[in-house]
Every structure is written in C-alpha cells, then in structure tokens.
1. Keeping all protein chains in place, calculate the accessible area per residue for region 16-65 (probe 1.4 angstrom), answer in Å².
2. Please work out whether region 8-61 counts as rounded, prolate or oblate from its C-alpha gyration tensor, where a ≥ b ≥ c are the square roots of the eigenvalues and a/c under 1.5 means rounded, while otherwise a/b larger than b/c means prolate and anything else oblate?
3. With each pseudo-label sitting 7 Å past Cα toward Cβ, what's the GLN91-ASN74 distance in nm, one decimal?
4. Please give the peptides 67-78, 175-186 ranked by average Cβ packing (other Cβ atoms within 10 Å per residue), highest first, as a rough proxy for protection.
5. Once phi is turned into ³J(HN,Hα) by the Karplus curve 6.51 cos²θ - 1.76 cosθ + 1.60 with θ = phi - 60°, what whole-Hz value does each residue of region 192-204 show in order, with x for glycine and proline?
6. Can you tell me how region 37-92 classifies by the Cα gyration tensor, rounded, prolate or oblate, using a/c under 1.5 as the rounded cut?
7. Once label points are set 7 Å from the Cα along Cα→Cβ at both ASP7 and LEU270, what is their separation, rounded to one decimal in nm?
8. Extending each Cα 7 Å along its Cβ direction at GLU198 and ALA123, get the distance between those two points in nm, one decimal.
Amino acid sequence: MAPSQDDALTLAQQGIALAESGRYHEAVQRLSAAAQSIPDNVEVRMWLGHCYEQMGFHQQALEQYLAGVELAPNDNELKGAAARMQALLRQTPSVASKGVPVGPDGRRVHGRLSPLLVGGLIALLLIPGCFFLVRVLLPAVHPPSSSVSGRPPGRPRPGTRIPVPTTAGPSVDIEGTKVQAKEARLKAALRVLRSQLEQYRADSGRYPDNLLDLPGAGLDLTPPSKLPPGAVEPEMTLTLPVDPFTGRADTWAYDPLTGEVHSGSDATALDGTPYSDW
C-alpha cells in the first residue's frame, strides 16, 4: 500500500538527507516509496535520477530524468541531465549487449544459485526440524497475556499511527529542501563543467577561450512520449548545464587562463559560504 501524502513527504525528506550523505541505496528505497504517493513531484524524480546516476545505473537515472522532463518540460537542468545519461549509455555498452543476462536493476544475473537463495533453502529445511524438537523436548509454556485485549506487548492498538523517524528533524522544511536540491544540482553541474574543461585541456593542451567552445553545446530534447506518431527521436548531445541559482547557462564565472569555473550567483549557501566560491 502506498504511503499517505504526509508520510511520502517525510520519506522524501529522509531520502534527500541520505543522498546528501552518500547513502544512495538507502535513499533510493525511501524516494521510490515516496514516488508511489507523489509521482508528479519533480524534486523526487530529480533526486532519484541523481542517486541512480551516482550508483552507476545510467538507464534508471535516464528514466527518472525523462519523467521529470515530462512534468517540467522547460526545466533545462533536467534536460541536460537526461542528455548526459543518454550520451553515457551510447558510449558505454551494457553487459546485456555483451551477452551477459541482467536483471531489472541492471545487475548481472549469474548462472549459479546465489548465496542468499541457498541460505533460504537451507533455512526452509531446518525450521520444521527445529520446531519439532522444541515441541517434543520442551514443556508447553503459556506466556502471560500483556493486556486485557490479548495484544502482544509493544503492539499498537489497531488504527494507531506509528510516528516515522526522520534524520532531518521532526518537521519537513519544504523551502529548505528546495534549496538543498538546488545546491546538489549546482555541485553536479560544476563537476560536469570541470570534467569537460580538463578533457578539453588534455586534448588541445589549453583551456577553451569560452565555455561555448566545449564540444556539444546544443540540445534538442523532447521526451519520447511527447513525440508525434512516426517521428524519429531527436539526437541528444551534451549541453552547458544551467546554474540553478541564476536559471541561466551563460552566467558561469569562467577564467580561461586557469580553467576555474564557479557559479555566477551572489547568493549565500546554507552553510554560509558564497556560491561564487564553490
């Protein structure tokens, strides 16, 4: 059963906090559960895509980014992220293309029984025998009832809501979450730009005079579900990422002599440092 709206927001907050601490597998579990109740939440889709990207699951990341693009067609950051995943998938052949079977999560499926399955089979064989020995060798013991109603200790009354613990505090700070999401996107955009600049320098021996000199400066991305019948899916190439705090891709502070690139925003981060120093 899908969680309620309030519980979904709490799960989303927990997932974002886990993602920021690098615990991507746990973050995916909470964000996926939140997406069941709030599937139209763009931030949840973006964070799911970010987690899958950091885990190396580029196909799953692309699916989440494209879902976000369908919800926010004018979000250039999501378009750039989807294009980045598409480019990586074209450059890196999957294990499936090499003849190795893969599961739905993109991992290899080995031809032998997994240790977990073997352990489960052994447990199924041992449990009946242990139960028989306990019934035969030990006298019957009737535990005292914990209450008049006969409910075991610690069990909540039917209909009682169990509070969900959160690593981000007792309340959900939606505005703070949005700023954290923007800061995460800024870090990701800076990583992309700096990686492209170093690759350009390795190829040509110098940094480009302008960020627009980086290869793949155009992007025409339309989600496949929005294409007219019979249309060919457009070619997607890398593009300059958008600074989430200026909303533009042409405001980056760039020094062609040193190759340093920073945000063009004059705002201050949640930790008190200016974004222009990131």
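1. Ligands and nucleic acids excluded, the figure is 41 Å² per residue.
2. Oblate, since a/c reaches 1.5 and b/c is not below a/b.
3. With each label point 7 Å from Cα toward Cβ, the separation is 3.2 nm.
4. 67-78, 175-186
5. Karplus-based 3J(HN,Hα) across region 192-204 equals 5, 4, 5, 5, 5, 5, 5, 5, 4, 5, 5, 7, 10 Hz.
6. Details: a/c = 2.43, a/b = 1.44, b/c = 1.69.
Cα axes put region 37-92 in the oblate bin.
7. 2.5 nm
8. Modelled inter-label distance: 4.3 nm.
The values are calculated or read from the model by the stated rules, or taken from the named source; none is laboratory data. Note that the structure is predicted; figures quoted are calculated from it, not measured. For neighbour counting, all protein chains shown are included, and Cβ atoms are generated from backbone atoms with ideal geometry for every residue, glycine included. Only protein heavy atoms, including side chains, enter the accessible area calculation; ligands, DNA and RNA are left aside. Shrake-Rupley method; radii C 1.70, N 1.55, O 1.52, S 1.80 Å.
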